[in-house]
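Data block below; observations after.
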Amino acid sequence: MCGIAGITGGNLAVGQEALKSMLSMLRHRGPDDFGLYSDGRAALGHTRLSIIDLEGGRQPMSNEDGSVWISFNGEIFNYIELKDELARKGHRFSTNSDTEVIIHLYEELGDGCVTRLNGQFAFAIWDKNRSELFIARDRLGIRPLFYSSHAGRFYFASEIKALFAGGPLPREIDPAALNEIFTLWCSVPPRTAFKGINELPPAHWMKIKDGAIASVERYWDVPLGEETRDMSIEEAADGLFDILSDSTRLQLRADVPVGAYLSGGLDSSVTAALITKISGAGPHTFSVAFEDRAYDESGFQHEMARHLGTEHHEIRCSYSDISGVFPEVVWYAEKPVLRTAPAPLFILSRLVRETGLKVVLTGEGADEAAGGYDIFKEAKIREFWAREPESRLRPLLLKKLYPYLSAFQGQSDAYREAFFNGGLSDVSDPLFSHRPRWQTTSRLKAFFSKDLLAECTPGPEERLKMLMPPGFGSWRALARAQYIETASLLPGYILSSQGDRVLMGNSVEGRYPFLDHRVVEYCARLPLRHKMRGLDEKHVLKRMAHGMLPASILKRTKQPYLAPDSKSFFAGGKSPDYVEELLSEGSLKDSGYFDPVSVGLLVKKCRRGAASGFRDNMALVGILSTQLLHEMFIAGFENRAVAGRDAGLRAPAAAAS
Amino acid sequence: MHDKIREFIFENFLFNAEGSALDNDASFLETGIIDSTGMLELVNWIQETCGFEVDDTELVPENLDSVNRLAIYIARKTQTEPQASG
């Protein structure tokens, strides 16, 4: 995995210094090598984590005559098949890398090249003959790509901090993004947490000419809403096994050893079991165990590791471990987060690196593809209840939700009903499934300062609705809920704050067999009744995994990955200095995003260990991460940029042109 | 009792000092003041502050879902004179 950056537009004769500054902020993404290319009209940079063709894969890389140059972050898993096909068409290859395949595929198909790629990627191609920059991002948004335009120049990079380091770009947190994040958990692309900084949405490409955006196009979408009705569960499970096995086989392609995460749940266990079956040996496996037993799943993790005979490694995570790395997590996430869950994953990826590995496969994406989230059950129950709103029996199904939340289970039927009854009359609302979650999250805005609230116009949900495909409103509740999760939370939080950014913070590449687009497409078209049978989530996956996993893993109640939130910052009534400082009245007044009185009361409540439910915990984490973001990217960025430049490019000398 | 309830709500759910911003008849649930899990926090507070156990059958919005309803419920349970307040 790697970091990419570049500039085009205007005279770039002196652009290399800016590019070096950009690359210096991306060294964690590619500590093995770096390279620069510049021809006066475009400058491309690359930091490399060597995984395929360790010797021959240096970048930026060009075609035979130097008319097409690429800087690429990611992996193309079907590169061997594509290379054979392209070679038969007369293309000559000088390396064994997947990068070179993209170049020749671009020569062959132009912007259509992206549709042939099976992989996780963000890349930039400079086409000298057309004087055009072509940038593209993978279908599900696994790899990041940010851009900004300023004074006639177009800047792009794998991370926002590189844009700030290289260009004279204004640095300001976008109130509209805070409004979206404190409603939807993530901003709606192309918006990011920073004004004027955009991200290329998943499954999109863009062309840039003379420093200006010339065209943007979406090249793929999840075919939810195309349900196949007449497939038996046996056929569905067999088909899933075939396609998931092939996806896992392709994703094991690497010239370095590959490990796997084990959460103790179904998805990562299936992934590790398939790796073992395909490679004939258990991989190195990695897990997070928690000192707080409410979050700990180590019993299941150990059982699965023993079952597969893997060499198992774990971190045992305490409250102070989480608060200790939280500032680093925000530095890499580059956005406010509402949960601490990314922090243990950051520590886990450090363990992977210390063990000597730099690639791990995970079970991410299975819940979205195969229907595993509780919010899907919630949508199904509410849709069922809405058909007979006066029924006394139907709302009793609400008790089946969130079995791992003691506070939820402890509340009365009357309150549970009253809470979920909201919006029941509008089952045709395209966003029906997610309204309760967003309504709860929106309450966090009560902590916003008056100035920030004045800038928060209503409508983050409606902006997200604009991204929904034609016919979306007529889909069934489960399909709609799946699409919303796949289009928003998956790239906006799961694959970024809990995925790419925390993994790459330790120079580790994550791979996701469930997010092979063929698996996603296959699952999208499955009969909905096979994904959720009654209220049994991921039914088809469980059927597929029967015989592969111990019964205890297969039949256990699903527990989503969570980490202790406010407790991590106030364990024993004591907080790290940065928490005290950033949540102080003075700091809150200086940054101006939150109301110091309200935050003061919340902090008091958290300090005495009385924080309850999602609202208090999400508010505390969201406020603290926003304050950290301000401190690191707005107030104190210059110091970090200088430190990055000083420490940045000490790698082996790169091939510059 | 109204003042005590309001103080608890402001410090633990509304997190502000603007006492006039809450109508005594406003539904905690509909206005989002108390989320789906906050009700348990409220019940704990009642039990600790008022010295009686809240029975499961009493966990209904009619008893707990506004300052006035709560005050009337607590008064009934502690056998003091219930009074609604605007």
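Side notes on the structure shown:
- Residue in the stretch A:504-522 that is surrounded by fewer than 20 Cβ atoms within 10 Å (Cβ to Cβ), over 16 Å from A:ALA203 (Cβ atoms), touching a residue at least 24 places away in the same chain (Cβ under 8 Å) and not polar (S, T, N, Q) present: no
- Elements of type strands (runs of 3 or more DSSP E) in the stretch A:105-181, at least 3 residues being of a type in the set (Phe, Trp, Tyr) and touching a strand residue (DSSP E or B) at 6+ places or on another chain (Cβ under 6 Å): A:119-127, A:153-157
- All of (1) surrounded by fewer than 24 Cβ atoms within 10 Å (Cβ to Cβ); (2) more than 25 Å from A:GLY10 (Cβ to Cβ); (3) charged (D, E, K, R) hold for A:ARG143 with one exception: (1).
- Members of the stretch A:215-268 found to be assigned to a loop (DSSP other than H, G, I, E, B) and within 30 Å of A:GLU132 (Cβ to Cβ), listed by number: A:TYR219, A:TRP220, A:ASP221, A:VAL222
- The residue that is modelled with the highest pLDDT, counting only those in the stretch B:1-38 that are crowded, with 20+ Cβ neighbours inside 10 Å and hydroxyl-bearing (Ser, Thr, Tyr), is B:THR37.
- Taken over the stretch A:28-52, the residue count meeting the criterion of being closer than 18 Å to A:PHE121 by Cα and either modelled with pLDDT of 90 or more or among the aliphatic types (A, V, I, L, M) (or both) is 9.
- Of residues in the stretch A:102-129 being aliphatic (A, V, I, L, M) and surrounded by 21 or more Cβ atoms within 10 Å (Cβ to Cβ), the one farthest from A:LYS89 (Cα to Cα): A:ALA122
- The stretch A:205-240: number of residues that are surrounded by fewer than 16 Cβ atoms within 10 Å (Cβ to Cβ), modelled with pLDDT under 95 and under 23 Å from A:ALA481 (Cα atoms): 4
- With respect to the conditions (1) outside any loop (DSSP other than H, G, I, E, B); (2) loosely packed, with under 13 Cβ neighbours inside 10 Å; (3) modelled with pLDDT under 90, A:PHE614 lacks only one, and its number is (2).
- Some residue of the stretch A:448-466 being β-branched (Val, Ile, Thr) and touching a Ser or Thr at 6+ places or on another chain (Cβ under 9 Å): no
- Matching entry among A:THR271, A:THR285 (being in contact (Cβ under 8 Å) with a residue 12 or more places away in the chain and assigned to a helix (DSSP H, G or I)): A:THR271
- Residue in the stretch A:352-369 that is farthest from A:TYR493 (Cα to Cα), counting only those that are out of contact with any Asp or Glu (no Cβ under 8 Å at 6 or more places or on another chain) and in a helix (DSSP H, G or I): A:GLU354
- Lone qualifier among A:GLU378, A:GLU383, A:GLU388 - being within 14 Å of chain B (Cβ to nearest Cβ) and modelled with pLDDT of 80 or more: A:GLU378
- Only a single item in (1) closer than 24 Å to A:TYR561 by Cβ; (2) facing chain B (nearest Cβ under 8 Å); (3) surrounded by 17 or more Cβ atoms within 10 Å (Cβ to Cβ) is not met by A:TYR402, and it is number (2).
- Filtering A:VAL222, A:VAL288 for residues that are in contact with a Phe, Trp or Tyr (Cβ under 7 Å, 6 or more places away or on another chain) and among the β-branched types (Val, Ile, Thr) leaves a single hit, A:VAL222.
- If you check A:SER625, A:SER584, A:SER575 for being buried (at least 22 other Cβ atoms within 10 Å of the Cβ) and either at negative phi or of a type outside the set (Ser, Thr, Tyr) (or both), only one passes: A:SER625.
- Among the residues making up the stretch A:540-562, a single one is crowded, with 22+ Cβ neighbours inside 10 Å and touching a strand residue (DSSP E or B) at 6+ places or on another chain (Cβ under 9 Å): A:VAL540.
- Flag if A:PHE326 is crowded, with 21+ Cβ neighbours inside 10 Å and farther than 30 Å from A:LYS195 by Cβ: no
- Residue match in the stretch A:554-570 (condition: acidic (Asp, Glu) and touching a residue at least 60 places away in the same chain (Cβ under 8 Å)): yes
- Filtered by the rule that a residue be without any contact (Cβ under 8 Å) to a residue 12 or more places away in the chain and away from chain B (no Cβ under 14 Å), the stretch A:442-461 gives A:ALA454, A:PRO458, A:GLY459.
Residues are listed down the side, and each one gets a yes or a no for (1) in contact (Cβ under 8 Å) with a residue 12 or more places away in the chain; (2) of a type outside the set (Lys, Arg); (3) crowded, with 23+ Cβ neighbours inside 10 Å:
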{"residue": "A:LYS277", "(1), (2), (3)": "yes, no, no"}
{"residue": "A:GLY299", "(1), (2), (3)": "yes, yes, no"}
{"residue": "A:GLY309", "(1), (2), (3)": "yes, yes, no"}
{"residue": "A:THR340", "(1), (2), (3)": "yes, yes, yes"}
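- Given (1) among the small types (Gly, Ala, Ser); (2) in a loop (DSSP other than H, G, I, E, B); (3) over 19 Å from the mean Cα position of the chain (by Cα); (4) on the phi < 0 side of the Ramachandran plot, number of the condition A:GLY196 does not satisfy: (4)
- Enumeration of residues in the stretch A:577-620 that are away from every other protein chain (no Cβ under 13 Å), under 22 Å from A:GLU455 (Cβ atoms) and among the small types (Gly, Ala, Ser): A:SER587, A:SER591, A:GLY592
- Every condition in (1) away from chain B (no Cβ under 14 Å); (2) touching a residue at least 12 places away in the same chain (Cβ under 8 Å); (3) not acidic (Asp, Glu) holds for A:PRO470 except the one numbered (2).
- Across the stretch A:430-465, the number of residues qualifying as under 21 Å from A:GLU585 (Cα atoms) and among the hydrophobic types (A, V, I, L, M, F, W, C) comes to 7.
- Helices (runs of 4 or more DSSP H) contained entirely in the stretch B:1-71, each with at least 1 residues that are facing chain A (nearest Cβ under 9 Å) and not basic (Lys, Arg): B:38-50, B:61-64
- Filter result (modelled with pLDDT of 90 or more and crowded, with 20+ Cβ neighbours inside 10 Å) within the stretch A:632-657: A:PHE633
- Of the strands (runs of 3 or more DSSP E) contained entirely in the stretch A:1-52, those carrying at least 2 residues that are free of Cβ contacts under 8 Å to residues at least 60 places away in the same chain and crowded, with 23+ Cβ neighbours inside 10 Å fall at A:42-48.
The values are calculated or read from the model by the stated rules, or taken from the named source; none is laboratory data. From a predicted model like this one, the values you see are computed outputs, not experimental measurements. As a convention, Cβ positions derive from the backbone with ideal geometry for all residues, glycine included, and neighbour counts pool all protein chains shown.
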